[in-house]
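Below is one structure, written out as structure tokens; the observations come after it.
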Amino acid sequence: MRSPALPHRFFVNGRDVEAIAPPAMRLSEVLRDVLGLKGTKVGCDAGDCGACTVLVDGAQVCACLVPVAQVVGRAVETVEGLARDGRLHALQAAFLRHGAAQCGICTPGMLMAAADLLRRVPSPSEAEVLDALGGVLCRCTGYRKIVAAVLEAARGGAEAEPLVGGGVGARLARVDGVAKVTGEDRFGADWLPERAWLTLRAVRSPYPHARFRFGDLDAFRRRHPGLVAILTAADVPGANRFGIYPTGKDQPVFAEGYVRMLGEPVCALVGDAETIAAIRDEEVPIAWEPLPPVSFDDALAGSTPDLHPHAPANVLCRGRIACGDVDAALATAPHRAAVAIETGFVEHAYIEPEAGYAERIGDGIEIVACTQTPYMDRDEIALILGIPPERVRIVPTAVGGGFGGKLDLSLQPMIAIAAWRTGRPVRCVYTRPESMRTTTKRHPARIVAEAGCDEEGRLLAVRFHGDFNTGAYASWGPTVASRVPVHAMGPYRIPNVRATTAAIHTTDTPAGAFRGFGVPQAAIAHEALMDALADRLGMDRLEFRLRNALRRGDATATGQVLDHSVGLVACLEALRPRWQALRAEADAFNRSSSGPFRRGVGIACMWYGIGNTAMSNPSEMTIGLAADGTITLYSGAVDIGQGSNTVMVQISAEALGVAPHAIRLVAGDTARTRDAGKTSASRQTFVSGNAARLAALDLRRQILALANAGPDARIVPVPGGVEIHDGDRTLRPDLSRLERDANGDVLVGFGRFDPPTTALDADGRGVPYATYAFGAQIALVEVDRELGTTRVLRMVAAHDVGRAINPTLVEGQIHGGIAQGIGLALMEEYLPGRNDNLHDYLIPTIGDVPPIEVILIEDAEPLGPFGAKGVGEPALIATAPAILGAIDHATGVRVTRVPATPDRLRAAILATR
Amino acid sequence: MSGYLRPATLGEAVAALCTGGATVLAGGTDLYPARVGRAIDDTLLDISALAELRGIGVTDGGWRFGALATWRDVLAADLPPLFDGLKAAAREVGGTQIQNRGTIGGNLCNASPAADGVPNWLTLDATVELASPTGSRRLPVAAFVLGNRRTARREDELLVAVHVPRPDRPARGTFRKLGARRYLVISIVMVAAVAEFAADGTVASARIAVGAASEVAQRLPSLEARLIGRRPDPSLVREEDLAPLAPIDDVRATAAYRRDAALALVRRAIADLA
Ligand SMILES: Cc1cc2nc3c(=O)[nH]c(=O)nc-3n(C[C@H](O)[C@H](O)[C@H](O)COP(=O)(O)OP(=O)(O)OC[C@H]3O[C@@H](n4cnc5c(N)ncnc54)[C@H](O)[C@@H]3O)c2cc1C
Ligand code: FES
Ligand code: FES
């Protein structure tokens, strides 16, 4: 029971308000749920993320830690108070212009922390900006653009309107950016059903592996009048199974007497929010019989019981690529190197925990929730409810970060079943620990690899095996197992390769999709090999890579000949001057420094196949022209912060020949858009962008045909219609006589693109991807040898993106990827059940991401829209290996277990003495 | 029972405590994070309106830090170099949001092994002042913080203030915090040190305390004794000086590492005092 609600009077953004709430209620909750000010975001309720930062009497505080009773009579300022009279605050304008808001979930907190600073210190130094914003986490941007935006706003530089205009290649401000900087954008927890709703909370297993039986749930429910239903497996109308692969649906919505992971849902409580909050899991009558957990080590040793009947010896699946004769080539190679690499679980740590609601509408269901993949959600929910997919509507909310973690279903099946069964809207918001404990992670990997080269440093052979802990359920385990072998040798020309993988079940959190699908783990291994071979030969590490880099016309290990857009050599050549200068700088520092600090510079290369591996993954788009001249792009591609909304608009504007602001966007909703696949595999720009381009070209053709205009005519939207400028003729087709569709459009362009790939044979031969992104990064680090701490001082990143549709967005992806790469290399390791919060699980803060120089290489991909490929995942892959190489340069120690936490690095340094 | 009391005077507050069962709430930065995802069903005694518990000021014998002084108040206070360590700690507690709300009293009463305040108070020779309906008492910090989340505070007592005696000689403090990232980080180990100096620049007395390497921050008496009469010199630090520590393995680091890093940090803290 909480204490009764009382009136509390205070000021919000200058307005005198009275909030009726229990005195201990968190100010964040009062602002959001009592006063309806949803601009203040909640990411943890524990002071760890800073998303809820507001000002109280001018000082920044975490609203989630302030009881409303303590603000009585005081002045509270929130993001809603920043813009005045429809004019953005200088900070908001600067954030927009710099692309400092990606998903936007941290943006209100960042803005308020910055507002606090600028009032105290009108012209802050960079260090002061870092100190003031140090309490707000951002998982998307890598912080650098935020720092730049705050400094610019302080200089008064962003008073001007944000940049507009420009199609492909322009630094267009995000089309959805204003809503993100004003706090108006609505994320999963910000949407509420219009009708009175019920709240759902899952009751979860406290054991990683156990059997259980329910006691008398009915009696329990009757004891709690506010409890409307307790849902169990018996309440699932259709299949109590879901999973990414059509053949691999292995995860129950509610466990059936047996759980395979900590936090697995066994039932769900549905009722009014207060009742649900007051019931503790332990009170629900469940008799548990714990079983011994199945660890990765035990599963690899083969000494564990099978967790799934379809996965004997707990091997979910294997992957394999082979070409040439690896064993013979390695046996005779003049130089050889071998590594064994170990990585842990990595948490996506998006700042927005999963949230949404479901509502039954007639014989259909609507789900309004954050997701990366509306169409897959739709099809899975249809199976779970036992209804056809057309009766499921998925309305994606703004997504507060995904990175692969919102590709899998989380709360959607539970709220769908609850709404279906009760007939009332049902809402669920995960807590931070719940989100961390139960959603997918990056796969822990155990990799052994060996490589050999000749006397000139030409690679002869690579042998690679990786075991991946895929946890309790398959999720994207098969994707990792198939994608890794293709990439396992790195972006190099190598005649003899054998790369194998296995995805292993354990009773850990399921590992699924996380930016790179196992390739970042593999890159740690292949780049360690490159460094070792270069050192053995006495060759410069960059030059060694350059000698072996894939070039146009080379064949990969799958036998695919790369005919176009192989920009790795250009990346390395662009980096060479920085590499030489930074190496010299570090060497000079080390010569002159007698203390514990040593500097080092590392380099790493990456490649990444764009789109799904060796399977069809089409996108479809439509773009309509209404009778009044409005042009609308219907895009099923979900923008999870990376900027696909903006990219789709820029591409279609360019193809149509109009300004981007002339295009209105409808995004995501499965009832209004076509299937543009999932936001993963770095595929949206390349695949969906192509569909958008083709749709716009189709519409253009139709408009020109209507006016009988030539192919070079210009389309100009004008009030009430369009004009066509064809040479010196100006035509104005009469749109009003055309038939309108349900959207009110009179002409609709359609585009579809499916990247040309082939299936792979038993040796992995074939064309797994239509195109590849390439990149290389340099890291400068400083290691404290006594404490084992590493600071990254500088990053330089060169990426071949084919064509940068919007350079600001591309840089944003690279910055954000680097920040996550720093986390992977130095601090992030999720330990199931032990650090499921953001103070024990550490991600980089604003003080941990150094200045980043981005060099964009544009080796156009003829298949891509205007030459573009993808960059979302490529951005992260080279970072960790570059840092590990730099640590090696600084200390002579090659870290083989990431993250290289201070205790591990110090132990490794001590071991070399 | 649940309820929410926000008395305006110390008398009312201690009277309320006496009925038992109330949880004290100051800045809430420890209390709320311990209640994520569940109803706040405690009876709370919100002490934030107690003027007697605010402020940092000079007293006859030294300084008084009201229990409600926030880390930001510590940073803003005009304090001599004796408090440089405490200020350094204040600057690194959480982020600015936490510094604006978290109180020194809450930090002490919460008694986390990683509380950055505790080793500083130990080196400042501080005592806590506790008030109850039956009167008030003072205890040295070492006798107040007893273990992981355990203090000598009785259920009917409120921490009112922390008192720091004025040293006889010029004194300087320092603080070294080690974490795995730049901001918002709980210490893996931390070291606080204070030295009083004789006219010739040698150490007249020293207090050194290491936190997060045992249940409660520990002073290092053998090192403190060895420093007397000498200039602060890191080479005076010996491994055996860390004998009072009993570090553990946890998600942040291994025990062996904590011991090793503590040694390096103690040396650096001594160098800071030179
Ligand atoms: C994101 C984050 C980062 C943090 N970083 C650090 C850090 O780097 N270093 C660090 O040391 N701490 C850190 N903390 C912990 C916390 O901020 C500090 O310990 C803070 O000083 C606690 O003060 P408070 O007023 O908020 O305590 P509260 O949460 O109000 O109270 C804490 C406990 O003390 C009791 N209590 C409080 N005041 C009194 C009193 N006067 N008399 C009796 N009992 C009392 C309460 O009942 C409660 O049990 C962090 C916390 C968060 C959320
Ligand atoms: S929600 Fe308040 S700090 Fe995360
Ligand atoms: S933009 Fe900062 S968390 Fe997404």
Practice task
Answer with yes or no whether residue A:320 is of a type in the set (Lys, Arg), touching a strand residue (DSSP E or B) at 6+ places or on another chain (Cβ under 9 Å) and under 30 Å from residue A:823 (Cα atoms).
Solution key: yes
Exercise for the section: May I ask you to say which residue of A:362, A:402, A:356 is more than 16 Å from ligand 2 (Cβ to nearest atom), at pLDDT below 95, farther than 16 Å from residue A:243 by Cα and of a type outside the set (Phe, Trp, Tyr)? Expected result: A:362
Exercise for the section: Consider residue B:79 carefully, then state whether it is in a helix (DSSP H, G or I), more than 12 Å from every other protein chain (Cβ to nearest Cβ) and under 18 Å from residue B:141 (Cβ atoms). Expected result: no
Exercise for the section: Filter the stretch A:292-302 down to the residues that are touching a His at 6+ places or on another chain (Cβ under 9 Å) and open to solvent by 40 Å² or more (accessible area, probe 1.4 Å), then identify the one that is nearest to residue A:468 (Cα to Cα). Expected result: A:293
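Residues are listed down the side, and each one gets a yes or a no for (1) part of a strand (DSSP E or B); (2) polar (S, T, N, Q); (3) crowded, with 24+ Cβ neighbours inside 10 Å; (4) within 16 Å of ligand 1 (Cβ to nearest atom):
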| residue | (1), (2), (3), (4) |
| --- | --- |
| A:36 | no, no, no, no |
| A:45 | no, no, yes, yes |
| A:49 | no, no, yes, yes |
| A:76 | yes, no, yes, no |
Exercise for the section: Inspect the stretch A:112-127 for any residue being more than 16 Å from ligand 3 (Cβ to nearest atom), polar (S, T, N, Q) and outside any helix (DSSP H, G or I) and give the result as yes or no. Expected result: yes
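Matching residues to (1) in contact with a Leu (Cβ under 9 Å, 6 or more places away or on another chain); (2) within 14 Å of ligand 2 (Cβ to nearest atom); (3) closer than 21 Å to residue A:430 by Cβ:
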| position | (1), (2), (3) |
| --- | --- |
| A:34 | no, no, no |
| A:37 | yes, no, no |
| A:43 | yes, yes, yes |
| A:46 | yes, yes, yes |
| A:51 | yes, yes, yes |
| A:67 | yes, yes, no |
| A:70 | yes, no, no |
| A:74 | no, no, no |
Exercise for the section: Only residues that are without any contact (Cβ under 8 Å) to a residue 24 or more places away in the chain and hydroxyl-bearing (Ser, Thr, Tyr): list them for the stretch B:122-153, please. Expected result: B:134
Practice task
With the condition kept exactly as written, say whether any residue in the stretch A:121-141 is surrounded by 23 or more Cβ atoms within 10 Å (Cβ to Cβ), away from ligand 2 (no atom under 15 Å from the Cβ), within 25 Å of residue A:347 (Cα to Cα) and under 30 Å from the mean Cα position of the chain (by Cα).
Solution key: yes
Handout entry: Selection count where residues are β-branched (Val, Ile, Thr) and touching a helix residue (DSSP H, G or I) at 6+ places or on another chain (Cβ under 8 Å), scope the stretch B:18-53
Key = 4
Problem - Residue that is nearest to residue A:277 (Cα to Cα), among those in the stretch A:398-443 that are open to solvent by 10 Å² or more (accessible area, probe 1.4 Å) and within 16 Å of ligand 3 (Cβ to nearest atom) - result: A:398
Practice task
For the stretch A:572-591, indicate whether the set of residues that are at pLDDT below 95, open to solvent by 10 Å² or more (accessible area, probe 1.4 Å) and of a type in the set (Gly, Ala, Ser) is non-empty.
Solution key: no
Completion exercise
Restricting attention to the stretch B:71-92, the residues that are buried (at least 24 other Cβ atoms within 10 Å of the Cβ) and either over 20 Å from residue B:171 (Cα atoms) or not assigned by TED's automatic domain parsing to the domain that holds residue B:160 (or both) number exactly 1
Completion exercise
Of the candidates B:262, B:217, B:204, the one satisfying the condition of being farther than 19 Å from residue B:143 by Cα, open to solvent by less than 20 Å² (accessible area, probe 1.4 Å) and at pLDDT 95 or above is B:262
Practice task
Could you check how many residues of the stretch A:819-840 are part of a loop (DSSP other than H, G, I, E, B) and within 8 Å of chain B (Cβ to nearest Cβ)?
Solution key: 7
Exercise for the section: Inspect all residues belonging to the stretch B:138-146 and state whether any of them is at pLDDT below 95 and open to solvent by 40 Å² or more (accessible area, probe 1.4 Å). Expected result: no
Practice task
Kindly check whether there is at least one residue in the stretch B:55-73 that is part of a helix (DSSP H, G or I), within 14 Å of chain A (Cβ to nearest Cβ) and in contact (Cβ under 8 Å) with a residue 24 or more places away in the chain.
Solution key: yes
Problem - Cβ-Cβ under 7 Å pairs, at least 6 apart or on other chains, the stretch A:341-352 side outside the structural domain of residue A:826 (by TED's automatic domain parsing) and closer than 10 Å to residue A:898 by Cα, far side open to solvent by 10 Å² or more (accessible area, probe 1.4 Å) and among the β-branched types (Val, Ile, Thr) - result: A:341/A:896; A:342/A:896
Handout entry: Of all residues making up the stretch A:716-730, the number that are under 16 Å from residue A:705 (Cβ atoms) and open to solvent by 80 Å² or more (accessible area, probe 1.4 Å)
Key = 1
Practice task
Just name the residue that is nearest to ligand 1 (Cβ to nearest atom) out of those in the stretch A:51-73 that are part of a strand (DSSP E or B) and at the interface with another protein chain (Cβ under 9 Å from one of its Cβ atoms).
Solution key: A:62
Completion exercise
Residues of the stretch B:26-39 being facing chain A (nearest Cβ under 7 Å) and either at pLDDT 95 or above or closer than 16 Å to residue B:184 by Cβ (or both), in sequence order, are B:28, B:29, B:32, B:33, B:36
Exercise for the section: Just need a number here: residues in the stretch A:434-452 that are out of contact with any helix residue (DSSP H, G or I) (no Cβ under 9 Å at 6 or more places or on another chain) and either within 14 Å of chain B (Cβ to nearest Cβ) or part of a strand (DSSP E or B) (or both). Expected result: 6
Handout entry: Segments classed as strands (runs of 3 or more DSSP E), wholly inside the stretch A:703-815, with at least 2 members that are β-branched (Val, Ile, Thr) and over 27 Å from residue A:876 (Cα atoms)
Key = A:714-718, A:721-726, A:745-753
Practice task
Hey, can you tell me all the residues within the stretch A:267-288 that are away from chain B (no Cβ under 14 Å) and open to solvent by 40 Å² or more (accessible area, probe 1.4 Å)?
Solution key: A:287, A:288
Problem - helices (runs of 4 or more DSSP H) enclosed by the stretch A:848-913 - at least 3 residues per element that are within 14 Å of chain B (Cβ to nearest Cβ) and surrounded by 20 or more Cβ atoms within 10 Å (Cβ to Cβ) - result: A:902-911
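Residue by residue, here is whether (1) out of contact with any Ser or Thr (no Cβ under 9 Å at 6 or more places or on another chain); (2) within 14 Å of another protein chain (Cβ to nearest Cβ); (3) hydroxyl-bearing (Ser, Thr, Tyr); (4) more than 16 Å from ligand 1 (Cβ to nearest atom) holds:
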{"residue": "A:92", "(1), (2), (3), (4)": "no, no, no, yes"}
{"residue": "A:99", "(1), (2), (3), (4)": "no, no, no, yes"}
{"residue": "A:133", "(1), (2), (3), (4)": "no, yes, no, no"}
{"residue": "A:149", "(1), (2), (3), (4)": "yes, no, no, yes"}
{"residue": "A:152", "(1), (2), (3), (4)": "yes, no, no, yes"}
{"residue": "A:180", "(1), (2), (3), (4)": "no, no, no, yes"}
{"residue": "A:185", "(1), (2), (3), (4)": "no, no, no, yes"}
{"residue": "A:188", "(1), (2), (3), (4)": "no, no, no, yes"}
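The values are calculated or read from the model by the stated rules, or taken from the named source; none is laboratory data. No experiment lies behind these values; they were computed from the predicted model shown. Cβ: placed from backbone, ideal geometry, glycine included. Neighbour counts: every protein chain shown. Note: accessible area is taken over every heavy atom of the protein model, side chains too, but ligands, DNA and RNA are not part of it. Shrake-Rupley method; radii C 1.70, N 1.55, O 1.52, S 1.80 Å.
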